[in-house]
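The values are calculated or read from the model by the stated rules, or taken from the named source; none is laboratory data. Note that this is a predicted model, so its numbers are computed, not measured. Cβ atoms come from the backbone with ideal geometry, glycine included; neighbour counts cover every protein chain shown.
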């Protein structure tokens, strides 16, 4: 039994299954790291099953979190079939690991991919372990709309499988209000979006040394920090950079990304001689914080595929916490949040005229820019604070 304030909880052994678990020093999405830390802070026992690009299994203590690293290579540059093979390996190796290790009382399974649902179902029916299923991206709908899955029979099988996973879950965590509406599982669903780390990211004046490091002067700086995959469709950012140059705006675009589309994007920037685009190395959380200190705005991009707008993009929350104007090129709940809070804008990705019309006032009017940035930080603190959302999340346990 564990006492927290006036409440008392039974302590649990929880195994968190996440193929892409990351520590802050590694870069990438670190939500699952904070979830594990949140459970530990309440006295629960936590073990994580994940992967690394090494050739042997490893078990490590990462900031008091016991992490089992399965030897499965995965990288954003992998092709479709290589990714599928990595997903399949993760299923079998995770099941084997769960079978051999001390039985947990609860499994917390994080998708994507949807195939992790096989692990959850195996645990429930073979090992009698209940599971909570977290949904960050809607599979199979996302790969179907992106054109990765075209076979009609396979689509039916995957939709059926999706329903089975949801039906058998003890609880479902939806990472956006749009996902919550789409899956429609009644009281079983709790909505907990990605988190704004308001302790780590804070609004600060632009450091001169960091401006010099990235060869930035007094320009308005838009940062793109994150994935460069097919779903992000960075050609929209390329078009934006061209439109900004053609209009003669004093804007620099700082890009620190990783993914299958990055090389192509770099080549197009070089070909078009876009001197307003500055590339930096893809970085860990410290590096992201450094780049945000010289940024005025954060650009969040998705392909013009309806289902992608339901996601919960990490850099949106980092941008809010750092007090940056948010620029998006898609519809959905994120657009509604930034427009309601008056901390940025959304434009249609093929309409660069609209982009310039909406961007220019923030460049020319310092008061407007400062107010929008303050609104971003206020939204982060009020609605998406990591501490508040972790407290809500641990109530599930």
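Listed here are the residues, each with its yes/no results for (1) touching a residue at least 40 places away in the same chain (Cβ under 8 Å); (2) in contact with a strand residue (DSSP E or B) (Cβ under 8 Å, 6 or more places away or on another chain); (3) within 25 Å of residue 59 (Cβ to Cβ).
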residue: 91; (1), (2), (3): no, no, yes
residue: 95; (1), (2), (3): no, no, yes
residue: 98; (1), (2), (3): yes, yes, yes
residue: 127; (1), (2), (3): no, no, yes
residue: 137; (1), (2), (3): yes, yes, no
residue: 142; (1), (2), (3): yes, no, no
residue: 160; (1), (2), (3): no, no, no
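Within the range 1-18, the set of residues being modelled with pLDDT of 85 or more and assigned to a loop (DSSP other than H, G, I, E, B) comprises 11, 12, 18. Apart from one condition, residue 25 fits all of (1) farther than 16 Å from residue 285 by Cβ; (2) at pLDDT below 90; the exception is (1). Within the range 355-373, at least one residue is within 30 Å of residue 37 (Cα to Cα) and either outside the structural domain of residue 242 (by TED's automatic domain parsing) or surrounded by 15 or more Cβ atoms within 10 Å (Cβ to Cβ) (or both).
Could you check how many residues of the range 237-264 are part of a helix (DSSP H, G or I), touching a residue at least 40 places away in the same chain (Cβ under 8 Å) and crowded, with 22+ Cβ neighbours inside 10 Å? The number of residues fulfilling the criteria is 3.
Listed here are the residues, each with its yes/no results for (1) within 21 Å of residue 86 (Cβ to Cβ); (2) at pLDDT below 95; (3) crowded, with 17+ Cβ neighbours inside 10 Å; (4) not assigned by TED's automatic domain parsing to the domain that holds residue 46.
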| position | (1), (2), (3), (4) |
| --- | --- |
| 113 | yes, yes, yes, no |
| 118 | yes, no, yes, no |
| 125 | no, no, no, no |
| 146 | yes, yes, no, no |
| 157 | yes, yes, no, no |
| 198 | no, no, yes, yes |
| 201 | no, no, yes, yes |
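Looking at the range 307-329, can you tell me whether even one residue there is surrounded by fewer than 18 Cβ atoms within 10 Å (Cβ to Cβ) and either outside the structural domain of residue 244 (by TED's automatic domain parsing) or touching a helix residue (DSSP H, G or I) at 6+ places or on another chain (Cβ under 8 Å) (or both)? Write out each step before concluding.
Our first condition is that a residue be surrounded by fewer than 18 Cβ atoms within 10 Å (Cβ to Cβ); within the range 307-329, this holds for none.
No - not one qualifying residue is present in the range 307-329.
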